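Everything on this sheet refers to the single structure shown next.
The values are calculated or read from the model by the stated rules, or taken from the named source; none is laboratory data. Source: prediction; values computed, not measured. Here the Cβ is made from the backbone with ideal geometry for all residues, glycine too, and neighbour counts use every protein chain on show. Areas reflect the complete protein model, heavy atoms only, side chains present, ligands, DNA and RNA absent. Shrake-Rupley method; radii C 1.70, N 1.55, O 1.52, S 1.80 Å.
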Amino acid sequence: MRTQVAIIGAGPSGLILGALLHKAGIDNVILEQRSGDYVLSRIRAGVLEQVCVDLLDEAGVGERMHKEGLPHDGFDMVFAGERRRIDLFGLTGKRVMVYGQTEVTRDLMDHRATIGRPTVYEAENVRIHDFDGDKPWVTYTHAGREERLDCDFIAGCDGFHGVCRASVPARAITHHEKVYPFGWLGLLADVPPVHHELIYGHTERGFMLASMRSHTRVRYYIQCGLHEKVEDWSDEAFYDEFRRRLPAEDAARLITGPSIEKSIAPLRSFVGEPLRFGRLFLAGDAGHIVPPTGAKGLNLAASDVALLARGLVEHYAERSSAGLDDYSRRALARIWKAERFSWWFTQLMHLFPETGSFGLKMQMAELDYLFSSESAQRVVAENYVGLPI
Ligand code: RFL
Ligand code: PHB
């Protein structure tokens, strides 16, 4: 088989890239190691920046998102038992869209089926070859058969544990990493949200986040230890702990119901530099990870592939390599700013083993300052709604 762009990974970055390339008339094949159902079963992001919403529109997959997604004009932060609001719209003129990654992925998968571009699910043992030269190729096993895919370029959209970044010689890439000493325990349930906007909470028991997927489905998180096991958390134990981290009036209003899903996610900041190696380009989680506190992971994946698609369109339509040559630099400029914001928000809102009474006072002073200064709030709002690409 031959194609112009071989895309490894059918998560949001691979699927959005595939849709943007298709729109520009560029042939592409996606190879995904899991089944479509498995990809859809991963419960992840919930908040889309305007830039991401615009991109999904441009890719032609925005229709259901506009019907079912919830535009949010602000979010709340809790500290010292009080709830305060960041007025995103008032401070920036922009809002975010609450629409789950599962739904974004489903829309992209449906769109891909409609346009008839191939995605090979359950492609095992994917290996990438000769991306240093002019004729890269990919091998994989599908339904017991060895297959070969020749291409002009390889897009590594295969997430943090994928094969693409791992195939780059160690001397060609620098890794910058921070691993956090806690995780997030998340619960999904079909009950009405405790509040109509998201609540990010700092408490002496640890961080909490009340998010949602719709008016009838919640996604709640609590900070937990890295060695905790999800099996040890009954729904009741989760809600008890979550309730303790809410301000009293919200706790009294909390409606609980059986979980549909519960999982623990570790938190990490990571960037691999550069993002281009000859004819291989890394995008999304394959190149970088942010802790989920700033809701930036999926949004960064979208802005990476927007830049990459632009570079590929320039290459094929205008015979110019400028966009591809500049991809790594431009993508990283935005990535590092989102890394900074996610790291800052994580440090501010979580309890670390070393936080101590001084650290706690620093967090409280910073939160107190934030809500006494409109300029400080605008900095938060500007970063949360997303910086321009
Ligand atoms: P993905 O989604 O990991 O997809 C990569 C795909 O590649 C496949 N793959 C391979 N395929 C072929 N061969 C191989 N060798 C392969 N190895 C892997 C995988 O099966 C998979 O299908 O990466 P992508 O597309 O770059 O998308 C990134 C986003 O998924 C991620 O950044 C976000 O989910 C992060 N994130 C959030 N981002 C936001 O923008 N807003 C949020 O509110 C938000 N909340 C979150 C989050 C991530 C979380 N977790 C669990 C990590 C909340 C959580 C709890
Ligand atoms: C989510 O709804 O899963 C979510 C929302 C905001 C975040 C992280 C996760 O910052």
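Structure notes:
- Whether a residue is more than 16 Å from ligand 2 (Cβ to nearest atom) and β-branched (Val, Ile, Thr) was assessed, and VAL305 passes this test.
- Exactly one residue out of VAL313, VAL290 is β-branched (Val, Ile, Thr) and within 16 Å of ligand 2 (Cβ to nearest atom), and it is VAL290.
- Subset of region 201-217 (residues that are farther than 24 Å from VAL179 by Cβ and surrounded by 22 or more Cβ atoms within 10 Å (Cβ to Cβ)): ALA210, MET212, ARG213
- Members of region 177-190 that are open to solvent by 10 Å² or more (accessible area, probe 1.4 Å) and touching a Gly at 6+ places or on another chain (Cβ under 8 Å): ASP190
- All positions within region 245-271 that are among the charged types (D, E, K, R), in contact (Cβ under 8 Å) with a residue 40 or more places away in the chain and either outside the structural domain of ARG205 (by TED's automatic domain parsing) or open to solvent by 20 Å² or more (accessible area, probe 1.4 Å) (or both): ARG253, GLU261, LYS262, ARG268
- Scanning region 1-29 for residues that are under 28 Å from GLU261 (Cα atoms) and more than 16 Å from the chain's Cα centre (by Cα) gives a single hit, ILE8.
- Residue check for LEU55: within 16 Å of ligand 2 (Cβ to nearest atom), part of a helix (DSSP H, G or I) and outside the structural domain of SER373 (by TED's automatic domain parsing): no
- Across region 168-198, the number of residues qualifying as farther than 30 Å from LEU254 by Cα and either in contact with a Cys (Cβ under 9 Å, 6 or more places away or on another chain) or in contact (Cβ under 8 Å) with a residue 40 or more places away in the chain (or both) comes to 9.
- Filter result for LEU17 (part of a helix (DSSP H, G or I), over 30 Å from GLU204 (Cβ atoms) and more than 16 Å from ligand 2 (Cβ to nearest atom)): yes
- GLY9 at pLDDT below 95 and either assigned by TED's automatic domain parsing to the domain that holds HIS202 or of a type outside the set (Lys, Arg) (or both): no
- Evaluated against (1) within 25 Å of ALA189 (Cα to Cα); (2) open to solvent by 10 Å² or more (accessible area, probe 1.4 Å); (3) within 16 Å of ligand 1 (Cβ to nearest atom), GLY100 falls short on exactly one condition, (2).
- Flag if PRO193 is part of a strand (DSSP E or B) and either more than 19 Å from THR293 (Cα to Cα) or open to solvent by 10 Å² or more (accessible area, probe 1.4 Å) (or both): no
- Among the residues making up region 277-302, those that are open to solvent by 20 Å² or more (accessible area, probe 1.4 Å) and assigned to a helix (DSSP H, G or I) are ASP285, PRO292, GLY297.
- Residue within region 208-217 that is over 30 Å from GLY356 (Cβ atoms) and assigned to a loop (DSSP other than H, G, I, E, B) present: yes
Residues checked against (1) more than 24 Å from LEU188 (Cβ to Cβ); (2) touching a Ser or Thr at 6+ places or on another chain (Cβ under 6 Å):
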{"site": "VAL96", "(1), (2)": "no, no"}
{"site": "ARG106", "(1), (2)": "no, no"}
{"site": "ASP110", "(1), (2)": "no, no"}
{"site": "GLY116", "(1), (2)": "yes, no"}
{"site": "ALA123", "(1), (2)": "yes, no"}
{"site": "PHE131", "(1), (2)": "yes, no"}
{"site": "ARG148", "(1), (2)": "yes, yes"}
{"site": "CYS151", "(1), (2)": "yes, yes"}
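- Checking each residue in region 63-98 for being within 30 Å of GLY14 (Cβ to Cβ) and either in a loop (DSSP other than H, G, I, E, B) or within 14 Å of ligand 2 (Cβ to nearest atom) (or both) picks out GLY69, LEU70, HIS72, PHE75, LEU88, LYS94, ARG95, VAL96, MET97, VAL98.
- The set of residues from region 64-91 being farther than 15 Å from GLU197 by Cβ, more than 16 Å from ligand 1 (Cβ to nearest atom) and in contact (Cβ under 8 Å) with a residue 12 or more places away in the chain comprises ARG64, GLU68, PHE79, ALA80, GLY81, GLU82.
- Evaluated against (1) open to solvent by less than 20 Å² (accessible area, probe 1.4 Å); (2) touching a helix residue (DSSP H, G or I) at 6+ places or on another chain (Cβ under 6 Å); (3) over 30 Å from SER372 (Cα atoms), ILE86 falls short on exactly one condition, (3).
- Listed by first and then second residue, the pairs linking a residue in region 150-167 that is under 9 Å from LEU282 (Cα atoms) and of a type in the set (Asp, Glu) to a residue that is open to solvent by less than 40 Å² (accessible area, probe 1.4 Å) and within 16 Å of ligand 2 (Cβ to nearest atom), with Cβ atoms under 8 Å apart and 6 or more places separating them unless they lie on different chains, are ASP158/GLY11.
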